[in-house]
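Report on the structure given below.
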Amino acid sequence: MALFRRFGLFALTNIAVIFTIGLILRLTGLDVYLAKSGVPYATTLLFAAIWGMGGAFISLLLSKFMVKASMGVQIVDPRNATGWQRDLLTRVQRLASAAGLPMPEVGYYESPEINAFATGPSRNSALVAVSTGLLNGMDSEELDGVLGHELSHVANGDMVTMTLVQGVINSFVIFFSWIVSKVIVSQLSRNDERGSGGGFFMEFMIRQLLMVVFGLLGSIVVAYVSRAREYRADAGGAKLAGRSSMIAALERLKVAFTRDPIDQRGETIAALKISNRAGGLASLFATHPPLEERIAALRAKAY
């Protein structure tokens, strides 16, 4: 049933994307211009929406498998868990129950970096994983704060939300890259009295360049939404584990980031982690707000 709901949600989002882009074209008069130029914008629009959202949806469905493979996550088996593994399961179970969630898969991965992440296609099929660096470097209160934060991501449906946002951005990037490249090549061809060939190759190269440029601009939007979701997850973690525990966890991360190494394997899943490092212009593309700002927001009870 949950899978059907997701299919429905993605279908509705696709319809919204098609309607929005169509409305933009109509209001700006670009639909008439494109039609006169012989550019098949309607077909391109449908393709962009399906391809953009479809790719994001497939990534969501495969997210647990991909993360397990890339990070070498070891799943804790409740039937055989003892010692620290049993303690980890007990903590997750307690916090998940408080959040009204079914028990997620729980795992760990070998890394000196103090970090954790949550992923999965739905609330009922989630994975929460922590690094060995986190297990060795945080006390009980801080660990609860991190787990509360990650479970809040699951409870808030952030994996699905970010997938929808990414899918919408993908659709816009694909559509406008195709349309703009076709218009540019069409105009260049009209102005080229010699009628020289190479139009297909030129269009392909322009399209690839535009996809990079539009993709970078789109990633700023995705990162902005991600940062907003992080504040909500911090607030959720404070509610589940206690505000002091959530603040203590972020304070510990702040200290760790000044001296501990970065796990390069995790760069592809940086958005899933409890925090990442970015400054200056790179902060526009950061999926997480600065730790100082997150701590200040918790202390001010801004979220």
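The values are calculated or read from the model by the stated rules, or taken from the named source; none is laboratory data. Computed from a prediction, not measured in an experiment: that's the story for all the values here. Reconstructed Cβ throughout: ideal geometry from the backbone, glycine too, with neighbour counts over all protein chains shown.
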Assuming VAL130 fulfils every condition listed in (1) farther than 27 Å from MET211 by Cα; (2) under 15 Å from the mean Cα position of the chain (by Cα) apart from one, which condition is it?
(2)
Assess whether PRO78 counts as being under 25 Å from the mean Cα position of the chain (by Cα) and not β-branched (Val, Ile, Thr).
no
Filter the stretch 71-92 for residues that are in a helix (DSSP H, G or I) and under 17 Å from ALA126 (Cβ atoms) and give the result.
MET71, LEU88, LEU89, ARG91, VAL92
So SER140 clears everything in (1) touching a residue at least 12 places away in the same chain (Cβ under 8 Å); (2) farther than 30 Å from LEU25 by Cα except one condition, right? Which one?
(1)
Of all residues in the stretch 51-60 being buried (at least 16 other Cβ atoms within 10 Å of the Cβ) and among the aliphatic types (A, V, I, L, M), which is farthest from ALA129 (Cα to Cα)?
MET53
Pairs needed: first member in the stretch 18-37, outside any helix (DSSP H, G or I); second member anywhere, at pLDDT 75 or above; C-beta distance under 7 Å; at least 6 residues apart or different chains.
SER37/VAL183; SER37/SER186
Selection count, the stretch 94-108, where residues are among the hydroxyl-bearing types (Ser, Thr, Tyr) and either at positive phi or in contact with a helix residue (DSSP H, G or I) (Cβ under 7 Å, 6 or more places away or on another chain) (or both):
1
Say whether the condition of being within 30 Å of GLU110 (Cα to Cα), crowded, with 17+ Cβ neighbours inside 10 Å and either among the hydrophobic types (A, V, I, L, M, F, W, C) or in contact with a Cys (Cβ under 7 Å, 6 or more places away or on another chain) (or both) is met by at least one residue in the stretch 180-203.
no
Could you check the stretch 96-205 for helices (runs of 4 or more DSSP H) lying wholly inside it with 3 or more residues that are touching a Leu at 6+ places or on another chain (Cβ under 7 Å), among the hydrophobic types (A, V, I, L, M, F, W, C) and modelled with pLDDT under 95?
158-191
